[in-house]
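Single-structure report; data block below.
The values are calculated or read from the model by the stated rules, or taken from the named source; none is laboratory data. If you're wondering where the values come from, they're calculated on a predicted model, not measured in any experiment. In this analysis, Cβ positions are derived from the backbone assuming ideal geometry, glycine residues included, and neighbour counts consider all displayed protein chains. For accessibility, only protein heavy atoms count, side chains too; no ligands or nucleic acids. Shrake-Rupley method; radii C 1.70, N 1.55, O 1.52, S 1.80 Å.
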Amino acid sequence: MKELKDYVRTIPNFPEEGIMFRDITTVMQDPDGLKLAIDTMQDLVKDLDFDVVVGAESRGFIFGTPIAYNLHKPFVLIRKKGKLPAETVSIDYDLEYGKATLEMHKDSVKPGQKVLIVDDLIATGGTTEAMIKLVESLGGEVAGVLVMMELAGLNGRQKIAGYRLDSAVVYEGK
């Protein structure tokens with residue numbers, strides 16, 4: 001039986017020399033790989049108490065929505081600036097090569113709700129930290145963060161220390 005790592009394609013020297021790019025499109029393109037990813041991730045949080053699943057554009061949608069559906073929980077979108085139609089809260093954060101802004105609807109998480117944040121990847125932790133701050137700005141309590149892949153060599157786990165992080169696959173390098 002194949003493991004989840006077996007479905008991930010590794011592309012050396014992309015986007016630059018020395019980087020081992022972990023491509024999840026091969027997981028999503030294979031029905032067995034996609035099912036294994038969703039099932040594995042969902043199993044990691046079976047003991048976690050949460051009310052709402054939150055996912056960031058766009059790969060957080062891919063993994064978060066089926067988990068929310070399977071567990072009969074609402075799914076809340078975090079999007080890039082200017083993509084949501086109602087009143088939003090936003091946060092600016094640093095990327096490796098610049099800045100970005102994330103937004104979510106002001107009424108999407110209620111004060112006191114326990115939130116599971118789902119994404120495809122944690123690397124340096126900047127995007128994850130921004131999502132945590134957005135949820136908390138609305139009064140939500142982050143119960144945990146769930147990702148398909150963790151690039152442990154980039155220390156994202158340390159950036160969100162104090163929050164539960166579950167990773168279906170961990171790569172020790174960058």
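Selection over segment 19-41 of residues that are in contact (Cβ under 8 Å) with a residue 24 or more places away in the chain, farther than 27 Å from MET104 by Cα and out of contact with any Leu (no Cβ under 8 Å at 6 or more places or on another chain) gives a count of 3. No other residue among VAL170, VAL145 is closer than 28 Å to MET20 by Cα and under 13 Å from the mean Cα position of the chain (by Cα) apart from VAL145. Selection within segment 6-32: residues that are farther than 19 Å from GLU172 by Cβ and either in contact with a Pro (Cβ under 9 Å, 6 or more places away or on another chain) or among the hydroxyl-bearing types (Ser, Thr, Tyr) (or both). The member of this set that is surrounded by the most Cβ atoms within 10 Å (Cβ to Cβ) is THR26. Scan LEU95, LEU4, LEU48, LEU44 and give me the residue that is among the aliphatic types (A, V, I, L, M) and free of Cβ contacts under 8 Å to residues at least 60 places away in the same chain. Checking each option against the conditions leaves just LEU95.
Among the residues of segment 122-174, the one identified as closer than 17 Å to PHE61 by Cα, of a type in the set (Ser, Thr, Tyr) and assigned to a strand (DSSP E or B) is SER167.
Restricting segment 67-116 to residues that are more than 28 Å from ILE38 (Cβ to Cβ) and touching a Leu at 6+ places or on another chain (Cβ under 8 Å) leaves a set whose member that is most open to solvent (accessible area, probe 1.4 Å) is LYS81.
Wholly within segment 3-68, which helices (runs of 4 or more DSSP H) include no fewer than the required count, namely at least 2 residues that are at pLDDT 95 or above and of a type in the set (Asp, Glu)?
Once the helices (runs of 4 or more DSSP H) in segment 3-68 are filtered for at least 2 residues that are at pLDDT 95 or above and of a type in the set (Asp, Glu), what remains is 31-44.
One residue alone among ALA130, ALA168, ALA123, ALA161 is open to solvent by 20 Å² or more (accessible area, probe 1.4 Å), of a type outside the set (Lys, Arg), touching a strand residue (DSSP E or B) at 6+ places or on another chain (Cβ under 8 Å) and free of Cβ contacts under 8 Å to residues at least 60 places away in the same chain, and that residue is ALA123. The single condition among (1) free of Cβ contacts under 8 Å to residues at least 40 places away in the same chain; (2) open to solvent by less than 60 Å² (accessible area, probe 1.4 Å) that GLY60 does not meet is (1).
The sole residue among THR128, THR101 that is over 20 Å from TYR163 (Cβ atoms) and modelled with pLDDT of 95 or more is THR101.
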